[in-house]
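The values are calculated or read from the model by the stated rules, or taken from the named source; none is laboratory data. Remember, predicted model here, so these are calculated numbers, not experimental data. Counting neighbours? That spans all protein chains shown, and the Cβs are built from the backbone with ideal geometry, glycine included.
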Amino acid sequence: MTEEVNPKAYPLADAALTTKILSLVQQALNYKQLRKGANEATKTLNRGLAEFIVMAADAEPLEILLHLPLLCEDKNVPYVFVRSRQALGRACGVSRPVIACAVVVNEGSQLKPQITAIQTEIEKLLV
């Protein structure tokens with residue numbers, strides 16, 4: 001984890017927050033509240049379905065993701081970077097690396113308290 005992370009990948013989650021985010025992503029997968037990939041994440045934002053967006057800081061080139069923070073700010077959706085796209089892929093339940101994913105809104109979901117807690121932590125990073 002000592003490799004240099006692109007300074008454009010802001011806000012970057014620390015190890016503890018990354019663990020929380022990735023476990024929530026796994027739960028969201030089980031509850032069918034997860035969209036994997038930059039294109040799907042973009043769609044959820046445009047449709048107003050995204051609770052928050054998780055992106056991989058080691059995407060090559062990072063610019064393929066950098067439209068997402070702009071969209072998130074427009075739509076008031078929290079977003080965060082994690083260090084590894086491989087870990088994000090595993091959390092999303094696929095064997096391939098995933099550069100972005102969105103946790104989507106689901107009324108009456110059991111994940112609501114965890115999602116709210118993560119959103120608050122992400123917003124603290126942005127301040």
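Observations, loosely collected:
- For Ser109, the conditions (1) in contact with a Phe, Trp or Tyr (Cβ under 9 Å, 6 or more places away or on another chain); (2) surrounded by fewer than 18 Cβ atoms within 10 Å (Cβ to Cβ); (3) farther than 20 Å from Leu126 by Cβ; (4) not hydrophobic (A, V, I, L, M, F, W, C) are fulfilled apart from (2).
- Against the list (1) over 21 Å from Lys124 (Cβ atoms); (2) surrounded by fewer than 17 Cβ atoms within 10 Å (Cβ to Cβ), the condition Ala16 fails is (1).
- Residue in region 81-91 that is modelled with pLDDT of 95 or more, of a type in the set (Lys, Arg) and over 19 Å from Ala9 (Cα atoms) present: yes
- Pairing residues of region 20-35 that are among the basic types (Lys, Arg) with residues that are in a helix (DSSP H, G or I) and buried (at least 20 other Cβ atoms within 10 Å of the Cβ), at Cβ distances under 8 Å and at least 6 apart in sequence or on separate chains, gives Lys20/Ile118; Arg35/Ala41; Arg35/Thr44.
- Test result for Ser95, surrounded by fewer than 23 Cβ atoms within 10 Å (Cβ to Cβ), small (Gly, Ala, Ser) and free of Cβ contacts under 8 Å to residues at least 40 places away in the same chain: yes
- The set of residues in region 43-55 being out of contact with any Pro (no Cβ under 7 Å at 6 or more places or on another chain) and surrounded by 16 or more Cβ atoms within 10 Å (Cβ to Cβ) consists of Thr44, Leu45, Leu49, Ala50, Glu51, Ile53, Val54, Met55.
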